[in-house]
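Below is one structure, written out as structure tokens, with a few remarks after it.
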Amino acid sequence: MALQVEQLITDHLDLWTQAQTAKSTSGRGSNNKIELTGIKKLRELILELAVRGKLVPQDPTDEPASELLKRIAEEKEALVKAGKLKKQKPFPRISDEEKPFELPKGWAFLKLGSLLEFEYGDNLPEAKRTNTGEFPVYGSNGVVGSHNVAFINAPCIVIGRKGSAGALNLCMHSGCCVTDVAYYCIPSAYMNLNFVFKLLHTLALDKLGKGIKPGLNRNEAYELIVSLPPFAEQNRIVAKVDELMALCDQLEQQSYQQLDAHNQLVDALLATLTQSLNADELASNWQRLAAHFDTLFTTEYSIDALKQTILQLAVMGKLVKQDPSDEPASELLKRIAFEKDALVKAGKIKKQKSLPPISDDEKPFELPEGWEWCRLGWIAEINPRNYAEDKLQASFVPMTLIGKSHTGEHLSETRDWGDIKKGFTHFANGDLAVAKITPCFENSKAAVFHDLTNGIGAGTTELHIARFISAEDALAKYLLLNIKSPLYLKTGESKMTGTAGQKRLPKDFFEGNPFALPPKSEQGRIVNRVNELFELCDALSEKLNSSKQTQVVLAEALVEQVVA
């Protein structure tokens, strides 16, 4: 007897909507990074129940599938005689051991190849495709243009052969073109086209042909065992699946709308922190936020937004209290300028072009007492060179080994200096690096280099490097937080030049963009406080991920229980 799937959906509504996983996408904080795994599993369950005969009631008056198969066989025989179809070798009988589950009365098991023929699409060069033709042109995974000639003059199913192998598309047009990276099939007139389309979705065709020759091999697909209901039940199944999928669509839309609303609320409340005019107002706004902490920070987006806010508060001087006894940043800048002049006179660094004073228009916010506006070029040597013997062991750091965390963790390989000194960016322990290309810059790939072999290294040319003039050690870690802060990233993205896929940050932005410099002692307090708060955020994220994993496992277990 068919299951009441509507009841299954409503009884476990929270499970279907709360089971979520993160997608692997670039960029920061967006719902397109979330997959509603529970709803995806629900869709799969609906299709699986459909092809097992558990979705709609059987009608004993339906003509059985065995009679349907006889007519399909007669139809094929007529096409073979007419020369429109090649005669197939008969598929061997399916043994009881091969049958994956018990079928309802009136259904039949058969090999896919005895039901469908996958035909090769025709080569249609991209230059011949337009967007104004009468017939759609299908590639491996969807419409890729249009044409005025139809290669297939009937509704059909398009199956990806190369590229998006196993991808499925339904062409209900009176005709279409299918390119040579795809197959197409036209089911028998005695079959419901929509039912066949749904049946193919349950076969995991994308898992076939992934070996030495990637792509979908139709002979492998033909060997798959499928279940066939009576024609009348096919029609009932299609109607029921469409009805339930519409419910899933509504559920999905509502879930994303709720996530969007939640994200907007989090953004609005976090914005009150960075917009606070003074410490008292900040404390008041934080208390308002903290009172609803458990309900606000329940998604990856919200936790990431909290981290971004912590960084922004840090570099605005709002994260820790100022200490009037700290030596002001102006004194630190004087010492660095004196030391820089001495290094230039001694020939140890090149004299850099002078950078202009910082105008009021360049200052995005008011500074706390004791802080100063500064440019990186005032206190560092930009893109320095290393000098060492060729056989000296050094570290090599490609972009893939540089992390995205606020601490800028990185790994390295060991190579001879002579092998990496040419054609690569140079750096040493304590140097600050930031990616200058998309999407690495947008993902805030940056690091303070440490534990380099013999203290020096080289690596990707897609980095800007700053080597600090002063031996005083607080600067690098604080400035790493600065270049990972939302304001720096947003401003940097607006200054990037080049094509969409390979925009890059100009050198003068890296060395000339203003940043707020705290007193040396406060730099250390800020770095420590950020580390403490990020540990709390990471613990929150770990708890969230554990909860999500539990929800996904529960959703999978429910699906297995239902189809068993």
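Observations on the structure shown:
- Scanning the range 243-274 for residues that are within 30 Å of Leu47 (Cα to Cα) and of a type in the set (A, V, I, L, M, F, W, C) gives Leu244, Met245, Ala246, Leu247, Cys248, Leu251, Leu259.
- Candidates in the range 331-368 are the residues that are touching a strand residue (DSSP E or B) at 6+ places or on another chain (Cβ under 9 Å) and farther than 19 Å from Glu511 by Cα; of these, the one that is surrounded by the most Cβ atoms within 10 Å (Cβ to Cβ) is Pro368.
- Residue match in the range 351-363 (condition: over 21 Å from Lys318 (Cα atoms), of a type in the set (A, V, I, L, M), touching a Gly at 6+ places or on another chain (Cβ under 8 Å) and outside any helix (DSSP H, G or I)): yes
- Of the residues making up the range 204-216, at least one is surrounded by fewer than 16 Cβ atoms within 10 Å (Cβ to Cβ), within 27 Å of the chain's Cα centre (by Cα) and under 30 Å from Lys70 (Cα atoms).
- Within the range 325-339, residues that are farther than 12 Å from Ile469 by Cα and not assigned by TED's automatic domain parsing to the domain that holds Trp378 have Cβ atoms under 6 Å from residues that are assigned to a helix (DSSP H, G or I) and not acidic (Asp, Glu) in these pairs: Asp326/Ser521, counting only partners at least 6 apart in sequence or on another chain.
- Residues in the range 268-285 that are assigned to a helix (DSSP H, G or I) and either loosely packed, with under 15 Cβ neighbours inside 10 Å or in the same structural domain as Lys484 (by TED's automatic domain parsing) (or both): Ala268, Ala271, Ala279, Asp280, Glu281, Ala283, Ser284.
- Check on Glu233, touching a helix residue (DSSP H, G or I) at 6+ places or on another chain (Cβ under 9 Å), touching a residue at least 60 places away in the same chain (Cβ under 8 Å), among the acidic types (Asp, Glu) and within 17 Å of Glu119 (Cα to Cα): no
- Some residue of the range 311-327 being assigned to a loop (DSSP other than H, G, I, E, B), under 39 Å from the mean Cα position of the chain (by Cα), under 26 Å from Lys543 (Cβ atoms) and of a type in the set (Gly, Ala, Ser): no
- Within the range 391-411, the only residue that satisfies the criterion of being part of a helix (DSSP H, G or I) and in contact with a strand residue (DSSP E or B) (Cβ under 6 Å, 6 or more places away or on another chain) is Leu401.
- Any hit, the range 151-162, residues being under 16 Å from Val196 (Cβ atoms), in contact with a His (Cβ under 8 Å, 6 or more places away or on another chain) and not charged (D, E, K, R): yes
- Of the residues making up the range 305-330, those that are under 18 Å from Asp267 (Cβ atoms) and touching a Ser or Thr at 6+ places or on another chain (Cβ under 6 Å) are Leu311, Gln312.
- Condition met for Leu193 (of a type outside the set (Gly, Ala, Ser), surrounded by 15 or more Cβ atoms within 10 Å (Cβ to Cβ) and farther than 23 Å from Ser66 by Cβ): no
- Residue among Lys507, Lys503, Lys520 that alone is surrounded by 13 or more Cβ atoms within 10 Å (Cβ to Cβ) and in contact with a His (Cβ under 8 Å, 6 or more places away or on another chain): Lys507
- Qualifying residue in the range 402-419 (condition: among the aromatic types (Phe, Trp, Tyr), exposed (fewer than 15 other Cβ atoms within 10 Å of the Cβ), more than 21 Å from the chain's Cα centre (by Cα) and in the same structural domain as Pro486 (by TED's automatic domain parsing)): no
- Residue match in the range 61-74 (condition: among the acidic types (Asp, Glu), touching a helix residue (DSSP H, G or I) at 6+ places or on another chain (Cβ under 8 Å) and at pLDDT 90 or above): yes
- Inspection of the range 94-112 finds a residue satisfying the criterion of being within 36 Å of the chain's Cα centre (by Cα) and part of a helix (DSSP H, G or I).
- Against the test of being of a type outside the set (Ser, Thr, Tyr), under 20 Å from Glu362 (Cα atoms) and crowded, with 19+ Cβ neighbours inside 10 Å, the options Leu452, Leu475, Leu481 yield a single qualifying residue, Leu481.
- Conditions (1) within 29 Å of Ser174 (Cβ to Cβ); (2) out of contact with any Gly (no Cβ under 8 Å at 6 or more places or on another chain); (3) β-branched (Val, Ile, Thr); number of the one not met by Val137: (2)
- Figure legend. Inter-residue proximity from the range 168-187: first residues closer than 19 Å to Leu205 by Cα and in the same structural domain as Leu208 (by TED's automatic domain parsing), second residues surrounded by 23 or more Cβ atoms within 10 Å (Cβ to Cβ) and of a type in the set (D, E, K, R), beta-carbon distance below 7 Å, spacing 6+ or different chains. Indicated pairs: Val181/Arg161; Ala182/Arg161; Tyr183/Arg161.
- In the range 55-93, residue nearest to the chain's Cα centre (by Cα) [restricted to those that are farther than 19 Å from Glu223 by Cβ and of a type in the set (Val, Ile, Thr)]: Val56
The values are calculated or read from the model by the stated rules, or taken from the named source; none is laboratory data. Owing to the predicted nature of the structure, the values given are computational and were not obtained by experimental measurement. Backbone-built Cβ (ideal geometry, glycine too); neighbour counts: all protein chains shown.
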